[in-house]
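The values are calculated or read from the model by the stated rules, or taken from the named source; none is laboratory data. A quick note: this is a predicted structure, and the numbers were derived from the prediction, not measured. Reconstructed Cβ throughout: ideal geometry from the backbone, glycine too, with neighbour counts over all protein chains shown.
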Amino acid sequence: MFVKVENQKLVYPYTLRQFKLDHPQISFSKITDAILAKYNVFPVIDEKPEFDKMTEKLVQTDILKTEKGWEVQYVIEQLPQTQKDKLLNDLKHSVRLERNNKLLKSDWFVLKAMEKGNAVLQDVEEYRQALRDVPQQPDFPHNVAWPELPDELK
């Protein structure tokens, strides 16, 4: 992405496509940063800071010229509580869906054992119980320790 400095005003974002459209009479074999600089067009450094997407949002505030070049400036703001709650509920729902899919994938083994009148193997029962217990894990839903798939289900 680029910035164009035009009459002490910044045009951002500015693309190479826009540059070519602005100069249709000129045929550029290769557009370099040096060529762009002659037309007051400069590359922009866009280094986003790390932030917690569950509780914060990144807001672009400005484009400034620094010693490194033109840089996008950001501030990190807190999300409203209602949005934090929605993101948390969405994440919980997503993890539960994944858990339910893992349970579904092992249903065939349980049904097969029941049809034959056999007991379900203990490691399969423990695996399925561990899946059902996922929402009780201390870091749920942010860090889930998924149980290991028993050999019988592989």
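Descriptive notes on the structure:
- Test: residue in segment 127-146 that is under 25 Å from the mean Cα position of the chain (by Cα) and β-branched (Val, Ile, Thr): yes
- Test: residue in segment 97-106 that is assigned to a helix (DSSP H, G or I), surrounded by 13 or more Cβ atoms within 10 Å (Cβ to Cβ) and at pLDDT below 95: yes
- Selection count, segment 125-154, where residues are over 24 Å from residue 93 (Cα atoms) and surrounded by 13 or more Cβ atoms within 10 Å (Cβ to Cβ): 3
- Residues within segment 1-41 that are under 35 Å from the mean Cα position of the chain (by Cα) and among the hydroxyl-bearing types (Ser, Thr, Tyr), tallied: 4
- Test: residue in segment 44-52 that is assigned to a strand (DSSP E or B) and either surrounded by 14 or more Cβ atoms within 10 Å (Cβ to Cβ) or in the same structural domain as residue 146 (by TED's automatic domain parsing) (or both): yes
- One residue stands out among those in segment 1-31 that are farther than 12 Å from residue 43 by Cα and among the basic types (Lys, Arg): the one that is surrounded by the fewest Cβ atoms within 10 Å (Cβ to Cβ), which is 30.
- Considering segment 125-154, and only residues there that are of a type in the set (D, E, K, R) and not in a loop (DSSP other than H, G, I, E, B), the residue that is modelled with the highest pLDDT turns out to be 132.
- All conditions but one from (1) under 20 Å from the mean Cα position of the chain (by Cα); (2) in the same structural domain as residue 124 (by TED's automatic domain parsing); (3) over 24 Å from residue 138 (Cα atoms) apply to residue 60; the one that does not is (2).
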